[in-house]
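Down below is the structure, laid out as structure tokens.
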Amino acid sequence: MDPIKIIVAGDNYLFTKGMECLIEESSDFEHSATVQDEVELIDKLSNKQADVLAIDVSSIGWNADIQNRIRKYAPRIKVLAFNNVQQKSTVSDILGNGVTGYLLLCCDKAEITEALIKTAKGERFLCGKVIDVLLKNPSAKDSCPLYSVCGGVNISEREMEIIRYVSEGLSNQEIADKIFLSVHTVNTHRKNIMSKLGINNTAGLVMYAVRNQLVASN
């Protein structure tokens, strides 16, 4: 299998050098380039082929405009965002603008490695603390709880699809008919999803779907 080609973007020395070291230590990865700002990033994307963009969004802002510019030059690239602790509205906005994976800058090597691999496959990968921010009670203080566990949560494309259908109000039978699976398999997927996310009811799944822009918020 060819190594995953990665562009690192950010002006934080520790982030960029840390990512370069992690990439160069693994035969699964190939370092395509490191850039410090949006201008450099667009230039590299127009001249370099890459599978994943690992970007520090605390130093290079992420919004619909930069997403559209990146898609123009690299329509197939997947984005893994790194950030400091943020309020849930900021996290939701970033996830809603084309980001596949989202980690905190404090995540460890093993979690970053897994996130890069999953992101390259187009699978959603979120830091456990990010999940806490997205799923917490709306009345709670708008910051990441200090006791959260920084463990990665990987949600496959199939699981994301099932979350979306559950949030739209479809029954297990209706979901099974739509995606050509048995009801038992759909139910197993639902149990696995809820276990991964640490939630125990449909309301929690709906909240997750809304926060991740899988369904419209009414």
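Of the helices (runs of 4 or more DSSP H) entirely within region 142-210, those holding at least 3 residues that are at pLDDT below 85 and not polar (S, T, N, Q) occupy 157-167, 183-197. For the condition open to solvent by 30 Å² or more (accessible area, probe 1.4 Å), touching a strand residue (DSSP E or B) at 6+ places or on another chain (Cβ under 9 Å), at pLDDT 90 or above and closer than 25 Å to residue 43 by Cβ, what is the one hit in 121, 72, 78? Every option except 78 fails the conditions.
Residue 32 falls short on exactly one of the conditions (1) more than 22 Å from residue 122 (Cα to Cα); (2) surrounded by 19 or more Cβ atoms within 10 Å (Cβ to Cβ), and that condition is (1). Residues that are at pLDDT below 95 and crowded, with 21+ Cβ neighbours inside 10 Å: does region 15-27 have at least one? No, the conditions are met nowhere in region 15-27. Cβ-Cβ contacts under 7 Å between residues 6 or more apart (or on different chains), taken from a first residue in region 168-187 that is under 19 Å from residue 207 (Cα atoms) to a second residue that is of a type in the set (A, V, I, L, M, F, W, C) and outside any helix (DSSP H, G or I), are listed as 168/215. Out of everything in region 27-52 that is free of Cβ contacts under 8 Å to residues at least 60 places away in the same chain and part of a loop (DSSP other than H, G, I, E, B), what residue ends up being farthest from residue 68 (Cα to Cα)? Of everything passing the filter in region 27-52, 27 is farthest from residue 68 (Cα to Cα).
The values are calculated or read from the model by the stated rules, or taken from the named source; none is laboratory data. All values reported here derive from a predicted model rather than from experimental measurement. Glycine also receives a Cβ, built like all others from the backbone with ideal geometry; neighbour counts cover every protein chain displayed. Just the protein is used for accessible areas: all its heavy atoms, side chains included, with ligands, DNA and RNA removed. Shrake-Rupley method; radii C 1.70, N 1.55, O 1.52, S 1.80 Å.
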